[in-house]
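Novice: Okay, handing you the structure first.
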Amino acid sequence: MKLDMFQKIRLKDGRFGHIVEIFNDGEAYMVDIQAQDGEYETETIYPKDIKSVVVEVEEPFPVAM
């Protein structure tokens with residue numbers, strides 16, 4: 001799976017984070033991970049640690065009538 005900068009990912013341990021750096025064409029990623037207290041931790045993550053890419057769909061703006 002090819003990942004890009006700033007994509008949101010879900011880790012196998014259930015945490016979520018955003019990719020902030022890609023090393024050696026995807027051999028590892030630096031990820032800002034949201035902690036339980038709302039703060040962020042930055043960790044190096046490997047492809048084996050990633051469960052999925054999270055796709056967030058925004059609600060469209062309401063059309064004024």
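Since every read-out is calculated from the coordinates, none of them should be taken as a lab result. Worth saying up front: this structure is predicted, and the values here are computed from it rather than measured. Ideal geometry is used to build each Cβ from the backbone, glycine not excepted, and the neighbour counts take in all protein chains shown.
Novice: What are the pairs, 6+ residues apart or on separate chains, where a residue within region 1-23 that is farther than 15 Å from Val55 by Cβ has its Cβ under 7 Å from a residue that is among the small types (Gly, Ala, Ser) and surrounded by 14 or more Cβ atoms within 10 Å (Cβ to Cβ)?
Specialist: Within 7 Å, the pairs are Leu11/Gly17.
Novice: Could you please give the count of residues in region 1-21 that are within 8 Å of the chain's Cα centre (by Cα) and not in a loop (DSSP other than H, G, I, E, B)?
Specialist: 7
Novice: Within region 1-22, how many residues are of a type outside the set (Lys, Arg) and loosely packed, with under 12 Cβ neighbours inside 10 Å?
Specialist: Count: 6.
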